[in-house]
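The values are calculated or read from the model by the stated rules, or taken from the named source; none is laboratory data. On a predicted model such as this, the values are computed, not experimentally measured, just so you know. Don't worry about glycine lacking a Cβ; one is built from the backbone with ideal geometry, like all the others, and counts go over all protein chains shown. Heads up: the accessible areas ignore ligands, DNA and RNA and are worked out on the full protein's heavy atoms, side chains in. Shrake-Rupley method; radii C 1.70, N 1.55, O 1.52, S 1.80 Å.
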Amino acid sequence: MRSSNASLASSSRFWARHVTYPAPSHDRRAFERFLIDLVAREHVDVVLPVTDVTTRSVCATQDVIRPHASVALPSLEAFDFVSDKGSLLRHAADQGVRVPRSLVVDGLAGLAEAANQVQYPVVVKATRSRIRTDRGSVAAGVHYAFCADELYRLYRDIPYLTSQPSLIQER
């Protein structure tokens, strides 16, 4: 399946056909309805999503899909846990895994305290790879700040850093 003509899988010699589905990053509900209908109608054996957005959608609807097909996914709660870099880093550290010194910042409002606690340069990234918005979701990137002024500029200029939880990690 694919949501656009640019699918890498469509260049494989092993695919026999394709379907175009509503982009879950723009209309998650339409994607979920389409998938449930497709799985039931086409007698699909296994659903195995591969992107963050499709995986989250299938995790959320897997109870509806399971009567029609196997779903190779964890629970939505487990997926959300491993998709949240802040929670995952805390858990790893609690288990004795070495992780970079990281601060979780709750948007621009939480930046003042964190900006004074880190040694520069720092790596800045949202706690999730995809950020849900009113119009779907956007990909979150990785940014660098070499001083407090650059860090504040990032949080003022990048909407998801301004309003969403993020990580500041020492390099």
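Could you check which residue among Phe79, Phe14, Phe31 shows the biggest mean-square fluctuation in a GNM of the chain with a 10 Å Cα cutoff?
Phe14
Once you list every other residue whose beta carbon is under 12 Å from the beta carbon of Ser57, what net charge do they have if Lys and Arg are +1 and Asp and Glu are -1?
Values: positive: Arg28, Arg29, Arg33, Arg56, Arg130, Arg132; negative: Asp27, Glu32, Asp52.
Around Ser57, the charge tally is +3.
Which whole-number percentage describes the relative contact order of the chain, with Cα contacts under 8 Å and a sequence gap of 6 or more? Can you show the working numbers first?
Working: 236 pairs, mean separation 34.5, N = 171.
That works out to 20 percent.
Using the C-alpha atoms of the stretch 28-102, what convex hull volume per residue, in cubic angstrom, is computed?
Looking at the stretch 28-102, the number lands at 97 Å³ per residue.
Given a 1.4 angstrom probe, I'd like the percentage of the accessible area of the stretch 1-153 that is carbon and sulfur, rounded to a whole number. If you can, show how the numbers build up before the last one.
Values: 5080 of 9560 Å².
After summing per-atom areas, the C and S share lands at 53 percent.
Quick one: ranking Arg29, Arg153, Arg171, Arg56 by accessible area, 1.4 Å probe, largest first, what do you get?
Working: Arg29 135, Arg153 105, Arg171 160, Arg56 50 Å².
The most accessible residue leads, giving Arg171, Arg29, Arg153, Arg56.
For the pair His26/Val46, report the inter-label distance in nm, with labels modelled 7 Å from Cα in the Cβ direction.
Reported label-point gap for His26 and Val46 is 3.1 nm.
Rounded to the nearest 0.05, what FRET efficiency is calculated for Tyr152 and Asp80 with R0 set to 25 Å and r the Cβ-Cβ distance?
Working: r = 30 Å, r/R0 = 1.18.
So the FRET efficiency works out to roughly 0.25.
Quick one: compute a quarter of the convex hull surface over the Cα atoms of the stretch 1-130 and quote it in nm². Show your work: numbers first, answer last.
Working: hull surface 45.0 nm².
With the hull built on Cα positions only, its mean projection is 11.2 nm².
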